[in-house]
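Below is one structure; the comments refer to it alone.
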Amino acid sequence: MKILVSIKQVPSRDSQLRIDASGRWIQENDLSFEINEPDAFALEEALRLKEKHGGEVVALCAGPARASQTIREALAKGADRAIHIEEENLTAFDTLGVAKLLAKAAEAEHPDLILTGLQSDDLGYGQTGVVMAELLGLPHGTIIMAVEKIDSGIRVKRELEDGWFQNVEMPLPAVLTIQSGINKLRYATLMGIKKAKTKEVKRLTVAELGVTTASTATIERVYLPQRTKQTQLIEGSAKEAAAKLVEKLRFEARVI
């Protein structure tokens, strides 16, 4: 089984974010970067499928030169080779543009299965994998919690709302967007880090893929949320007050 895993490099979760001069994105020159967490789970699932059924895992990443660090991490964990679509200004592409880049690169590989993270930690659109599947004309499944290889293709477990799940059988090739927490992430071993230095990384340019930067959606403004304090007094008995508090936490604050 040949599995292609789309990975993205994003700012580290503990980064101190500042808006850049344009007001449309964040300053990146002093940030540290890491692999997008949902993509890390997609990579782990691909490696487990390879260990069980054999085949090849290919990491696919679009981004600037610094993304090579994330690619090497994927190779050190066990990916067999990688494809790097080099683009210093990836923010010039909207979801459709990025999906076109990934789809063009994936098309030449003819993979049996394409895995992506459910969404990215920086933008969080949750659309790239689905759009990629549509461009390739492949069946897709989202919010995947388990993947099982069967004779007719694969069986996947999808997470629904309120603790419900859906089990679906799909033919191959297919595209899946993986939910965080599907498995336990592995660490790169010292031997894996050494082997990663000798593994193939194919580099492609946007021009070679024939994708334009024309975007159908643009970010007009990025800003920090305003912090406000508001006190509300909840009247009634303890039982009534508790019920009202739960309702506000659930529907207004959206923290439960």
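Among the residues of region 139-178, none is identified as in contact (Cβ under 8 Å) with a residue 60 or more places away in the chain, in a loop (DSSP other than H, G, I, E, B) and under 17 Å from residue 119 (Cα atoms).
Loosely packed, with under 10 Cβ neighbours inside 10 Å and acidic (Asp, Glu): is that true of residue 208 in this structure?
Against the criterion (loosely packed, with under 10 Cβ neighbours inside 10 Å and acidic (Asp, Glu)), residue 208 does not qualify.
The set of residues in region 120-137 that are closer than 18 Å to residue 15 by Cβ and either touching a Phe, Trp or Tyr at 6+ places or on another chain (Cβ under 7 Å) or not aliphatic (A, V, I, L, M) (or both) comprises 120, 121, 122, 124.
Filter region 45-72 for residues that are surrounded by 19 or more Cβ atoms within 10 Å (Cβ to Cβ) and out of contact with any helix residue (DSSP H, G or I) (no Cβ under 8 Å at 6 or more places or on another chain) and give the result. Result: 45, 46, 49, 58, 67, 70, 71. Please indicate, with yes or no, whether at least one residue in region 3-13 is at pLDDT 95 or above, over 12 Å from the mean Cα position of the chain (by Cα), outside any loop (DSSP other than H, G, I, E, B) and buried (at least 22 other Cβ atoms within 10 Å of the Cβ). Yes, there is a match, as at least one residue in region 3-13 is at pLDDT 95 or above, over 12 Å from the mean Cα position of the chain (by Cα), outside any loop (DSSP other than H, G, I, E, B) and buried (at least 22 other Cβ atoms within 10 Å of the Cβ). Scan region 162-175 and tell me whether some residue there is surrounded by fewer than 15 Cβ atoms within 10 Å (Cβ to Cβ) and closer than 20 Å to residue 71 by Cα. No; the residues of region 162-175 include none that is surrounded by fewer than 15 Cβ atoms within 10 Å (Cβ to Cβ) and closer than 20 Å to residue 71 by Cα.
Scanning region 30-72 for residues that are part of a helix (DSSP H, G or I), in contact (Cβ under 8 Å) with a residue 24 or more places away in the chain and of a type in the set (A, V, I, L, M) returns 40, 42, 43, 46, 47, 49, 67, 71. For first residues located in region 215-240 and free of Cβ contacts under 8 Å to residues at least 40 places away in the same chain, partners that are among the charged types (D, E, K, R) and lie 6+ apart or on another chain with Cβ distances below 6 Å form the pairs 234/244.
The values are calculated or read from the model by the stated rules, or taken from the named source; none is laboratory data. Quick caveat, the model's predicted, so the values are computed rather than measured. Neighbour counts are summed over all protein chains in view; Cβ atoms, including those assigned to glycine, are modelled from backbone coordinates with ideal geometry.
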